[in-house]
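As structure tokens, the structure follows; a few thoughts come after it.
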């Protein structure tokens with residue numbers, strides 16, 4: 001266990017940040033699943049900017065790697081463009 005006040009505070013703040021990061025990552029994953037499952041192009045096109053913004057925010061905060069965010073954005077954009085209707 002930590003002996004210094006600053007180390008104890010760091011443990012508390014790291015835990016709080018970890019929970020917050022997990023929440024945002026899970027929310028983003030749920031939105032990605034919703035986007036992949038969308039049937040119409042209109043629905044998917046409306047969801048895409050929201051999901052892209054979420055991925056950019058996660059990459060900016062280093063919750064996910066920037067290349068993973070770019071890869072997901074590319075794949076999702078291709079999927080939305082491939083939807084016929």
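Rule-based calculations on the coordinates, nothing more; no lab input. Quick caveat: nothing in here was measured; it's all calculated off a predicted structure. Cβ coordinates were reconstructed from backbone atoms using ideal geometry, including for glycine residues, and neighbour counts include every protein chain displayed.
Observations, loosely collected:
- Number of positions in the range 58-85 that are surrounded by 14 or more Cβ atoms within 10 Å (Cβ to Cβ) and closer than 27 Å to residue 18 by Cα: 8
- Selected residue [over 10 Å from the mean Cα position of the chain (by Cα) and surrounded by 15 or more Cβ atoms within 10 Å (Cβ to Cβ)] from 19, 48: 48
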